[in-house]
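The values are calculated or read from the model by the stated rules, or taken from the named source; none is laboratory data. All figures in this text were calculated on a predicted structure; none of them were measured in a lab. Positions of Cβ are backbone-derived with ideal geometry, glycine not excepted, and every protein chain shown enters the neighbour counts.
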Amino acid sequence: MTTSRRLCLLIPALLACGSPPLCDSGTLVLASSEVQISCEEFSNHVGIARVLMLAGHSDGEEFNAVFGGMSVHVLAADAWAVNGGPAYGQFVWPHGIYLNPSGRALLHEMFHVLDVSRLRLGTASHDGWTELGYHAAQAQFERSVIGRPLALGPR
Ligand SMILES: [Zn+2]
């Protein structure tokens, strides 16, 4: 047993060890899923999100630094309650991004991650997101992934 493996067994929550990712897009990784996933669509979704984010919101160096190795988790539920309203995705530090089976909230949650990485206040209430163009980019992302869910079916 290697030293790193032994450390994983001792402190799995800190080292994020255990099973390898289900899908690796090259930056974000699909770490867990409650439904069967198309890894091809996962990579497509990440690629579309990357193009939209690099169109004036970030650059490749920052994108790779912020999102490289970041975990994505897909839940079976279409929506769940967050702060009294329905959520289709959620960023939970340090675990990563949670998505419903459509994956349509990916870019929205990535903007939260970007805001947090820049120590930008007001991200929880989406302050300034219209002016920054985040909402417009998210709308474009959703149009791009309509009919192309991450989920192939139940697990
Ligand atoms: Zn949000």
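Mind checking which residues of region 120-129 are farther than 16 Å from S58 by Cβ and more than 19 Å from the chain's Cα centre (by Cα)? Within region 120-129, L121, G122, D127 meet the criteria. Taking the criterion of being under 20 Å from L99 (Cβ atoms) and either of a type in the set (D, E) or at pLDDT below 95 (or both), the residues of region 39-63 that qualify are E40, E41.
Is it the case, given these coordinates, that L132 is within 14 Å of the ligand (Cβ to nearest atom), more than 16 Å from the chain's Cα centre (by Cα) and buried (at least 16 other Cβ atoms within 10 Å of the Cβ)? Yes, satisfied. Residues being under 23 Å from S33 (Cβ atoms) and out of contact with any helix residue (DSSP H, G or I) (no Cβ under 6 Å at 6 or more places or on another chain) are entirely absent from region 125-139.
Checked against the criterion of being within 11 Å of the ligand (Cβ to nearest atom), loosely packed, with under 14 Cβ neighbours inside 10 Å and in a helix (DSSP H, G or I), the candidates A139, A124 yield just one match: A124.
Within region 38-88, how many residues turn out to be part of a loop (DSSP other than H, G, I, E, B) and of a type outside the set (D, E)? Please lay out each step first, then the result.
So the first thing to find is which residues in region 38-88 are part of a loop (DSSP other than H, G, I, E, B), and the list is 38, 55-59, 68-70, 75-79, 83-84, 88.
Now narrow it down to the ones that are of a type outside the set (D, E): 38, 55-58, 68-70, 75-77, 79, 83-84, 88.
Selection size over region 38-88: 15.
Could you tell me whether S71 is away from the ligand (no atom under 15 Å from the Cβ), closer than 16 Å to S32 by Cα, modelled with pLDDT of 95 or more and surrounded by 13 or more Cβ atoms within 10 Å (Cβ to Cβ)? For S71, the condition - away from the ligand (no atom under 15 Å from the Cβ), closer than 16 Å to S32 by Cα, modelled with pLDDT of 95 or more and surrounded by 13 or more Cβ atoms within 10 Å (Cβ to Cβ) - is met.
For F91, indicate whether it is in a helix (DSSP H, G or I) and either within 13 Å of the ligand (Cβ to nearest atom) or within 10 Å of the chain's Cα centre (by Cα) (or both). It would help to see each step written out before you state the result.
On the way: in a helix (DSSP H, G or I): no; either within 13 Å of the ligand (Cβ to nearest atom) or within 10 Å of the chain's Cα centre (by Cα) (or both): yes.
Against the criterion (in a helix (DSSP H, G or I) and either within 13 Å of the ligand (Cβ to nearest atom) or within 10 Å of the chain's Cα centre (by Cα) (or both)), F91 does not qualify.
Where residues in region 84-113 are out of contact with any strand residue (DSSP E or B) (no Cβ under 6 Å at 6 or more places or on another chain), in contact (Cβ under 8 Å) with a residue 24 or more places away in the chain and over 17 Å from M53 (Cα atoms), which of them is surrounded by the most Cβ atoms within 10 Å (Cβ to Cβ)? Step by step, filter region 84-113, then rank; the result is N100.
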